[in-house]
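One structure is given below, encoded as structure tokens.
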Amino acid sequence: MVRLFTSQGAAVIIADWNEKEAARLTDELTSSGLQAVAIKVDVSKDADVHSLIQETVRRFGQVDILVNNAAVILPKFLEDVEEEEWDRLLNINVKSVYLTVKHALPYLRKTRGSIVNMSSLNGLIGQKMNPVYAATKGGVVPLTKALASSIAKLT
């Protein structure tokens, strides 16, 4: 997605907890003359997400599109899942969507920007040995629908 956006002239922030990989991709893009910046962020933490959006606005002046693509998967039977694992998937796969939209929305309203929330087919039909991932991705679907009906301009 980042390669596609930058190839079309977009300036992008690559927000990732894996600073090394984000920097590698940023270096690849910028060496080709494209605009990309890597920022280390834990999308499950309010302060990190707030800083991410503020830094985006500082660097680029606005937010035109928000792509929520953060996800972790946990292929285990439900009875083998620890509470901490459940919380981690819920926080990264669902809470991050809430946090990024919450902090980006004031800027997206100014630009009449777009939000893209990535879910998964697992969120609709589930998958063997993947109930936690399916539950979290399933949560993104109605969250996105509710957001759309709440914030979309009706014409």
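Can you pull the one-decimal nm distance between simple spin-label points at Leu147 and Ile73, each 7 Å off the Cα toward Cβ?
Reported label-point gap for Leu147 and Ile73 is 2.2 nm.
Quick one: how many Å² of His50 are accessible to a 1.4 Å probe, rounded to 10?
Here the residue's solvent-accessible area equals roughly 80 Å².
Any chance you could check the Cα centroid distance between segment 123-155 and segment 1-47 for me, in angstrom?
If we compute the Cα centre of each part, the gap is 25 Å.
Which of the following values of semi-axes √(5λ) of the Cα gyration tensor in Å was calculated from the structure shown: (i) 28, 24, 13; (ii) 75, 31, 6; (iii) 27, 20, 14?
Label (iii) holds the value from this structure.
So how do Trp17, Trp86 rank on accessible area, 1.4 Å probe, biggest first, that is with the largest at the start?
Per-residue accessible area, sorted high to low, gives Trp17, Trp86.
Convert each backbone phi in segment 8-16 into a coupling constant with the Karplus relation 6.51 cos²θ - 1.76 cosθ + 1.60 (shift: θ = phi - 60°), then list the ³J(HN,Hα) values in order as whole Hz, x for Gly and Pro.
Computed from phi, the couplings for segment 8-16 are 9, x, 6, 8, 10, 9, 9, 9, 7 Hz.
Compute, for Tyr98, the solvent-accessible surface of its heavy atoms (probe 1.4 Å) with the complete set of protein chains present, and express it in square angstrom to the nearest 10.
120 Å²
How do Ile53, Ile73, Ile115 stack up against each other in accessible area, from largest to smallest, with a 1.4 angstrom probe?
Ile73, Ile115, Ile53
Near the amide H of Ala38, under 5 Å away, which other amide H atoms are found, from residues 5 or more places off or on another chain, if H is placed in the peptide plane?
Ile14
Once label points are set 7 Å from the Cα along Cα→Cβ at both Ala11 and Trp86, what is their separation, rounded to one decimal in nm?
4.4 nm
Please check: in the Gaussian network model of the chain (C-alpha springs, under 10 Å), which one of Leu121, Leu89, Leu34 has the largest mean-square fluctuation.
Result: Leu121 has the largest fluctuation of those listed.
Please return the longest stretch of the chain lacking exposed loop sites, where trypsin sites (Lys or Arg not before Pro) count only if DSSP places them in a loop and at most 12 other Cβ atoms lie within 10 Å. Present the calculation step by step, with values, prior to reporting the outcome.
Working: sites that count: Arg112, Lys128, Lys153.
That would be 1-111.
Ignoring ligands, DNA and RNA, what percent of the 1.4 Å accessible area of the chain is carbon and sulfur?
It is 55 percent, rounded to a whole number.
Anyone know which of Asp80, Asp42, Asp16 comes out most mobile in the 10 Å Cα GNM of the chain?
Judging by the Gaussian network model, the answer is Asp80.
The values are calculated or read from the model by the stated rules, or taken from the named source; none is laboratory data. The structure displayed is predicted, hence computed values, not measured ones. For neighbour counting, all protein chains shown are included, and Cβ atoms are generated from backbone atoms with ideal geometry for every residue, glycine included. Areas reflect the complete protein model, heavy atoms only, side chains present, ligands, DNA and RNA absent. Shrake-Rupley method; radii C 1.70, N 1.55, O 1.52, S 1.80 Å.
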